[in-house]
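The values are calculated or read from the model by the stated rules, or taken from the named source; none is laboratory data. If you're wondering where the values come from, they're calculated on a predicted model, not measured in any experiment. Methodologically, a virtual Cβ is constructed for each residue, glycine included, from the backbone with ideal geometry; neighbour enumeration extends over all protein chains shown.
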Amino acid sequence: MIRKITIALFLFTAVVFFGNEAKAQCDTVTHACMRHMTNKFISDGQHYRAILLDKEIAEFQSTFYGGTTYRIAACSGLGDGNLLFRIYDKDRNVLFDNAEQKNAPYWDFKFVSTLDCTIEAQIIPGKAKSGCAVMMISFKQ
């Protein structure tokens, strides 16, 4: 019985410790990513975050309203260009792929009509084995 309690306590402590480490890492990346959100843009109020291992892909959903100018910033680590991100429409047509833009850390865009989109983020293979992916979406004032 004492052995089961000890194992449970160890597992609980590990989850709390590593959970706090991951949150702190994502907070640091979020702060670094904010440099791409100038005062011309207003945040949508959310920070899209995921802890990724090598070759994992995070998926986020968002609706973009026609006629509005948006900025998406994508960061992992403290420098730029560590995260690949792609934006797809509901039919999985690629609307943007930052790999085609030298891994640009952000993209400004405007759709003619309202679209529901899927945004995928992936750490660039070979750059890191794991890390926190942060996506930020804002719209122009």
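Quick notes on this one:
- Tally of residues being closer than 20 Å to THR38 by Cα and in contact with a Lys or Arg (Cβ under 6 Å, 6 or more places away or on another chain) across the range 66-88: 1
- Per the conditions (1) in contact with a strand residue (DSSP E or B) (Cβ under 8 Å, 6 or more places away or on another chain); (2) modelled with pLDDT under 90; (3) under 22 Å from THR38 (Cα atoms), the sole criterion not satisfied by PHE109 is (2).
- Only residues that are crowded, with 17+ Cβ neighbours inside 10 Å and under 12 Å from GLN122 (Cα atoms) were counted across the range 52-79, and they come to 6.
- Only one entry of GLY67, GLY45 meets the criterion of being over 18 Å from PHE85 (Cβ atoms) and at pLDDT 90 or above, and that entry is GLY67.
- Qualifying positions in the range 106-120 - of a type in the set (Phe, Trp, Tyr) and either within 18 Å of the chain's Cα centre (by Cα) or farther than 17 Å from GLN61 by Cα (or both): TYR106, TRP107, PHE109
- Of all the residues in the range 92-132, those that are surrounded by 13 or more Cβ atoms within 10 Å (Cβ to Cβ), within 22 Å of LEU52 (Cα to Cα) and touching a residue at least 40 places away in the same chain (Cβ under 8 Å) number 15.
- Any chance ILE42 is exposed (fewer than 14 other Cβ atoms within 10 Å of the Cβ), aliphatic (A, V, I, L, M) and assigned to a strand (DSSP E or B): yes
- Restricting the range 113-141 to residues that are at pLDDT 95 or above and outside any strand (DSSP E or B), the residue that is nearest to THR30 (Cα to Cα): THR114
- Residue count for the range 72-105 satisfying the condition of being of a type in the set (Lys, Arg) and assigned to a strand (DSSP E or B): 1.
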